[in-house]
Amino acid sequence: MKIWARKTFRIGVGVLFPIIYYFSSTRLLPLCFLLYFSGIVTVLEVLRRVAPGSYGVMVKYSKGILKEKPGILLGTTNFLIANIFCIIFFPKSIAIVSLVFLTFGDAMSTIIGKRFGKIRFFNNRSIIGSLSFFLTCVILGFIMMFLPRIEIGFLTMLIGSLIATFIELLPIPLDDNLTIAPVTCIVLEILSRVL
């Protein structure tokens, strides 16, 4: 139940930023929304540091959205940082595709991997979870290829899906909410110049 609550919340909020960016003529509007949410999350980050007992209360009333044992930063904080970075530094198409991969790929990987992932491999990830991540990215990437204002080729999208899946698997200390979209953006930017 908690995973469903957390990932449903993440998709519901996370999809807002690429959608707002898609329909905006500039970066300003999505960045304003991101900064607004970042302000709220910053208050939570500060509160859980200065009054550690308060985080337990927040977890209790979050209906499963907050993790009981978060990392150095909350997953949502890392997610928002990644969104801001991608929107500021990369072209619209690349940022939107990478953020959709992060939002939906990560959610599907966790939901399906926890439910059906019996076989574990690299970094204790399930094969079915990683396959779900990749297929989700490919399907959504294929759909986005046909949207006006999204300029991305099939091969670029396919390699980007593989890279996003691989980044989620890497056993690095950084939260994958912080790494998936920016690294995918970098790879898509390079591919868009050479393919």
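The values are calculated or read from the model by the stated rules, or taken from the named source; none is laboratory data. Remember, it's a predicted structure, so these values are computed and weren't measured experimentally. All Cβ positions, even for glycine, are placed from backbone atoms using ideal geometry, and neighbour counts span all protein chains on display. Accessible surface areas use protein heavy atoms only, side chains included; no ligands, DNA or RNA. Shrake-Rupley method; radii C 1.70, N 1.55, O 1.52, S 1.80 Å.
Remark: pairs (first residue in segment 8-23, free of Cβ contacts under 8 Å to residues at least 24 places away in the same chain; second residue of a type outside the set (A, V, I, L, M) and part of a helix (DSSP H, G or I); Cβ separation under 7 Å; 6+ apart in sequence or on different chains) = 16/33; 20/30; 20/33. One residue stands out among those in segment 57-82 that are surrounded by 15 or more Cβ atoms within 10 Å (Cβ to Cβ) and modelled with pLDDT under 80: the one that is farthest from residue 173 (Cα to Cα), which is 64. Being open to solvent by 30 Å² or more (accessible area, probe 1.4 Å) and among the hydroxyl-bearing types (Ser, Thr, Tyr) is the filter here; which residues of segment 4-21 pass it? Once the filter is applied, which keeps residues that are open to solvent by 30 Å² or more (accessible area, probe 1.4 Å) and among the hydroxyl-bearing types (Ser, Thr, Tyr), segment 4-21 yields only 8. Consider residue 152 carefully, then state whether it is loosely packed, with under 13 Cβ neighbours inside 10 Å and either closer than 25 Å to residue 34 by Cβ or of a type in the set (Phe, Trp, Tyr) (or both). It is false that residue 152 is loosely packed, with under 13 Cβ neighbours inside 10 Å and either closer than 25 Å to residue 34 by Cβ or of a type in the set (Phe, Trp, Tyr) (or both). Take the residues in segment 90-142 that are open to solvent by 20 Å² or more (accessible area, probe 1.4 Å) and touching a strand residue (DSSP E or B) at 6+ places or on another chain (Cβ under 9 Å); name whichever of them is nearest to residue 18 (Cα to Cα). So, considering only residues that are open to solvent by 20 Å² or more (accessible area, probe 1.4 Å) and touching a strand residue (DSSP E or B) at 6+ places or on another chain (Cβ under 9 Å), the one nearest to residue 18 (Cα to Cα) is 112. Meeting the requirement of 2 or more residues that are aromatic (Phe, Trp, Tyr) and farther than 17 Å from residue 106 by Cα, the helices (runs of 4 or more DSSP H) wholly within segment 1-77 are 16-23, 28-50, 52-61.
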